[in-house]
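The values are calculated or read from the model by the stated rules, or taken from the named source; none is laboratory data. The model shown is predicted, which means the values in this text are computed figures rather than measured ones. Cβ sites come from the backbone with ideal geometry, for glycine too, and all protein chains shown count toward neighbours. The protein model used for the area step is the full one, side chains on, heavy atoms only, and it has no ligands, DNA or RNA in it. Shrake-Rupley method; radii C 1.70, N 1.55, O 1.52, S 1.80 Å.
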Amino acid sequence: MRIRQRGGSALVRVIGTVVVLLGMGCLMVDFGYVTAVKSRVQSTADAASMAGALRLRSQYDYPIVSDINSMAIKYAEYNQPLTPGILAAADIEIGVWDAEANTFFVGGFDTNAVCVTVRRDNRQSSAVSLFIANVFGKQNCDVSASAVCTFEVTQDAEGNFEMSRPYIVQ
């Protein structure tokens, strides 16, 4: 009986396994980076909506949309100093938060909420650059996050309005 020589077959399998594991590890670097950026963008949306709601609260009787927008944009840029223009005025909405329905409605009479959508995408030339996915033809990834900040308005027996501190609801 003759024994066949199969020298090197284990080495080929090991090299193949190492290549696959390194490829998966490299793609996880991109995934981790995009996840970290998404977290940062969400924090920026939270801060911008909180700043906008604070300004809305201070101007409750006669809200000035441009003041609310400028405050939200200012705080978005504080949180993302290396990404100018991360928040556009078109991505800031002022409206009413319905706590019972857990829903934000744009506009309304007694506005008590600000919804902000922060984007890092190709539209604003700030998409997240990927490291390893370039090999597969994917150079950028779009990331966005939204936040709604509201406050409660109550009226006491004398007709005076009392407002709670703003808080993030969504």
**Item:** In order through the stretch 82-87: 3J(HN,Hα) via Karplus (6.51 cos²θ - 1.76 cosθ + 1.60), integer Hz, x for Gly, Pro
**Value:** 8, 10, x, x, 5, 10
**Complete:** Taking protein heavy atoms only, a 1.4 Å probe, and rounding to whole percent, the accessible area of the chain owed to carbon and sulfur comes out at 58 percent
**Message:** I'd like the FRET efficiency for VAL153 and LYS38, computed as 1/(1 + (r/R0)^6) with the beta carbon distance as r and R0 of 35 Å, rounded to 0.05.
**Reply:** 0.60
**Message:** Give me the 1.4 Å probe accessible area per residue for the chain, excluding ligands and nucleic acids, in Å².
**Reply:** 64 Å²
**Prompt:** Using the Karplus equation 6.51 cos²θ - 1.76 cosθ + 1.60 (θ = phi - 60°), what ³J(HN,Hα) coupling, rounded to whole Hz, does each residue of the stretch 123-138 give in order, writing x for Gly and Pro?
**Reply:** 4, 9, 6, 9, 4, 6, 6, 9, 8, 8, 5, 4, 4, 9, x, 9
**Message:** Please give me, ordered by residue number, the chymotrypsin sites (Phe, Trp or Tyr not before Pro) of the stretch 57-93 that lie in loop per DSSP and have at most 16 other Cβ atoms within 10 Å.
**Reply:** TYR60
**Request:** Collect residues whose amide H, placed 1.01 Å from N in the peptide plane, falls under 5 Å from the amide H of ALA127; neighbours closer than 5 in sequence don't count.
**Result:** ASP121, ASN122
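Can you tell me the order of 101-111, 133-143 when each peptide is scored by its average per-residue count of other Cβ atoms within 10 angstrom, highest first?
Numbers: 101-111: 11.8, 133-143: 13.5.
Descending mean neighbour count gives 133-143, 101-111.
Determine the calculated [θ] at 222 nm for the chain from helices alone, applying -39500 (n - 2.57) to every DSSP H run no shorter than 4 residues and normalising by the residue count; nearest 500 deg cm²/dmol. If you can, show how the numbers build up before the last one.
Values: 2 runs with 65 residues, N = 170.
About -14000 deg cm²/dmol.
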**Request:** Compute the relative contact order of the chain as a whole-number percentage, counting only Cα pairs closer than 8 Å that sit 6 or more residues apart in sequence.
**Result:** 22 percent
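Which residues make up the longest stretch of the chain that has no GluC sites (Glu not before Pro) in a DSSP loop with at most 14 other Cβ atoms within 10 Å?
It works out to 1-99.
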**Fill in**
Diffing the stretch 58-63: the Karplus 3J(HN,Hα) column from phi (6.51, -1.76, 1.60, θ = phi - 60°), in whole Hz with x for Gly and Pro, holds 6, 10, 4, 5, 9, x
**Prompt:** Taking the chain as a Gaussian network, where each spring joins two C-alpha atoms under 10 Å apart, which residue of LEU130, LEU11, LEU22 fluctuates the most?
**Reply:** LEU11
